[in-house]
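Following: one structure in structure tokens, then a few remarks.
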Amino acid sequence: METVTEPRSRRRMSGSERREQLIRISRTLFSEKGFDGTSIEEIAATAQVSKPVVYEHFGGKEGVYAVVVDREMQKLLGMITEALSATHSLIKLERAALALLQYIEESSEGFRILVRDSHAASGTGTFASLISEIASQVEDVLADEFSARGYDPKLAPMYAQMLVGMVALTGQWWLDVRKPGREEVAAHLVNLAWNGLTGLNPNPAITAATREHAAARPRTSEKEQRELEKAREKELKEAEKVRQRELKEAEKARVRELKERERLLKDAEKALEREDKIRQREARLAERAARLEQAEPPPAGSP
């Protein structure tokens, strides 16, 4: 790692500038070596300051680590929270997955710190705590969705942990491999989460609405936002219509199959009843013939 140097002619850093410099340096060191592998001496030497300067700003290694972790958590949580502000559940899921992957791509050092060896000094700044905090936001979204669909909203916390855990672990894997691209990874994540294994799409892709959102300029007018939202809603409505039509066709086919099975079963029962009646009639005829034979008088002249 390159050592940060300061020319003698450069002006003296202010307290806030020095603090930011120490945070940046510490962030890189914690990412590369972890909390236990990083020392105050190394932080100070890299910043070309004395150890007391680091102690003055943060009180020790634990202090600067807590600041670094807190910043990374707030950054990621802010991105996830923004993603979950979308109107439709599918769009929320897509944007949340893309937000995590974008954070990993743009803040790899920060993500390594969060998942590597979060220290007790960071308080709630552990990856497990981060996942729980994100899951609590997803839980509210799922509870509303469950209620609307007639599912038990009490199951939302469990499903939120499942969903967020799946996305987070995929992000850890993608941190090193980086293939395929984040948009494709997000599409596959949403494919599994939204469709399930039984309805898995062999060629998933994120919706055009999410793609447009990701590629959109940071600043858009209110009119453009409204038009984009309308386009998203229209696309989702069309997709829902197709889905409902497919469900209806599948239901009709199942009803036809059940009716055909019932008809065949009734035909089989009728055939058994006819056979039983025939056997009963034959038995009665045989019994009558036997009685007649017993009652018939012997012929004349017989001894």
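The values are calculated or read from the model by the stated rules, or taken from the named source; none is laboratory data. No experiment lies behind these values; they were computed from the predicted model shown. Please note: Cβ atoms are built from the backbone with ideal geometry, for glycine as well, and neighbour counts cover all protein chains shown. To get the accessible areas, we keep the full protein, side chains included, count just its heavy atoms, and leave off ligands, DNA and RNA. Shrake-Rupley method; radii C 1.70, N 1.55, O 1.52, S 1.80 Å.
Legend: calculated FRET efficiency, M13 to E133, from the Cβ-Cβ distance at R0 = 25 Å, rounded to 0.05, equals 0.15.
Heavy-atom accessible surface of E269, to the nearest 10 Å², is about 90 Å², with a 1.4 Å probe and all protein chains retained. Calculated accessible area for region 53-199 comes out at 48 Å² per residue, all protein chains present (probe 1.4 Å; ligands, DNA, RNA ignored). A 1.4 Å probe, protein heavy atoms only, puts the accessible area of Y65 near 0 Å². When the C-alpha to C-alpha distance is required to be over 29 Å, the pairs from K92/K248; K154/K252; K92/K154; K33/K179; K92/K179 that qualify are K154/K252. Keeping the other protein chains in place, figure out the carbon and sulfur percent of the accessible area of region 35-87, with a 1.4 Å probe. Percent of accessible area from carbon and sulfur atoms in region 35-87: 51. Remark: region 62-73, residue by residue, has Karplus-estimated 3J(HN,Hα) of 4, x, 5, 5, 4, 5, 4, 5, 4, 5, 5, 4 Hz, where x stands for each Gly or Pro and the curve is 6.51 cos²θ - 1.76 cosθ + 1.60 at θ = phi - 60°.
In the complete set of protein chains, residue-level accessible area for E293 is approximately 140 Å², probe 1.4 angstrom.
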